[in-house]
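Structure first, commentary second.
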Amino acid sequence: MAGDVLLVDTNILIRSVQPRDPAYGVVTAALSQLVSANAVLYYTSQNLGEFWNALTRPIVRNGFGLSPQEADGQARQIEGRLRLLYDSALVHHEWRQMLVDYGISGVQVHDARLVAAMRVHGVKRILTLNAKDFRRFLDIEAVLPQDLIAVP
């Protein structure tokens, strides 16, 4: 874990700020362990947009019902703790090519964009609750938080 470099998926970011979520404990334990091991953790502007969307969406629509001001406070914490993987024309071109090469459609385009950013920036691992979403990308390792937690 020491020296690890990982992109943190949106599902991890959301659960890391929602203590009532069932995955909160395992997510925060994994993040704490990574930070203690001096891992470099990244997010993208897409992650932050998805995070904001989920936090401010009404509860009746499967969101968390936070105000924009509350979401801003949570987003600032992420921006202060993780590093931003910048978007660029290279990321866009990689992503567009991946859509065609992998026959990607529907909601899968969002995960492909994360992988495109990872490829352009040389990040090989993503911390996620949905490893299956990344299986098609053989050059990317999807890491589940429960697999990182030290067992006593």
### Message
Can you say whether Gly122 is surrounded by fewer than 15 Cβ atoms within 10 Å (Cβ to Cβ), out of contact with any strand residue (DSSP E or B) (no Cβ under 7 Å at 6 or more places or on another chain) and at positive phi, as far as the supplied structure shows?
### Response
yes
### Query
So, of the residues in region 78-118 that are assigned to a helix (DSSP H, G or I), under 18 Å from the mean Cα position of the chain (by Cα) and β-branched (Val, Ile, Thr), which turns out to be farthest from Asn38 (Cα to Cα)?
Val109
### Message
Can you find, within region 125-152, the residue that is surrounded by the most Cβ atoms within 10 Å (Cβ to Cβ) among those that are touching a strand residue (DSSP E or B) at 6+ places or on another chain (Cβ under 7 Å) and assigned to a helix (DSSP H, G or I)?
### Response
Pro145
### Task
Among the residues of region 1-22, count how many are modelled with pLDDT under 95, over 11 Å from the mean Cα position of the chain (by Cα) and not polar (S, T, N, Q).
9
### Message
Being surrounded by fewer than 16 Cβ atoms within 10 Å (Cβ to Cβ), of a type outside the set (Val, Ile, Thr) and part of a helix (DSSP H, G or I): is that true of Gly49 here?
### Response
yes
### Query
Of all residues in region 29-45, which are buried (at least 18 other Cβ atoms within 10 Å of the Cβ) and either out of contact with any Leu (no Cβ under 9 Å at 6 or more places or on another chain) or not hydrophobic (A, V, I, L, M, F, W, C) (or both)?
Tyr42, Tyr43, Thr44
### Task
Return yes when Val100 is surrounded by fewer than 12 Cβ atoms within 10 Å (Cβ to Cβ) and either within 29 Å of Thr28 (Cβ to Cβ) or modelled with pLDDT under 95 (or both) and no when it is not.
no
### Task
Answer yes or no: is there a residue in region 53-60 that is within 14 Å of Ala71 (Cβ to Cβ) and of a type in the set (S, T, N, Q).
yes
### Task
Looking for whichever is in contact with a Phe, Trp or Tyr (Cβ under 7 Å, 6 or more places away or on another chain), modelled with pLDDT of 95 or more and not hydrophobic (A, V, I, L, M, F, W, C) here; the options are Arg83, Arg76. Which one fits?
Arg83
### Query
Is there any pair linking a residue in region 65-78 that is on the phi > 0 side of the Ramachandran plot to one that is exposed (fewer than 12 other Cβ atoms within 10 Å of the Cβ), with Cβ under 9 Å and at least six apart or on different chains, and which?
Gly65/Pro58; Gly65/Ile59
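The values are calculated or read from the model by the stated rules, or taken from the named source; none is laboratory data. This one's a predicted model, so the numbers in the text were calculated from it and none came from an experiment. For neighbour counting, all protein chains shown are included, and Cβ atoms are generated from backbone atoms with ideal geometry for every residue, glycine included.
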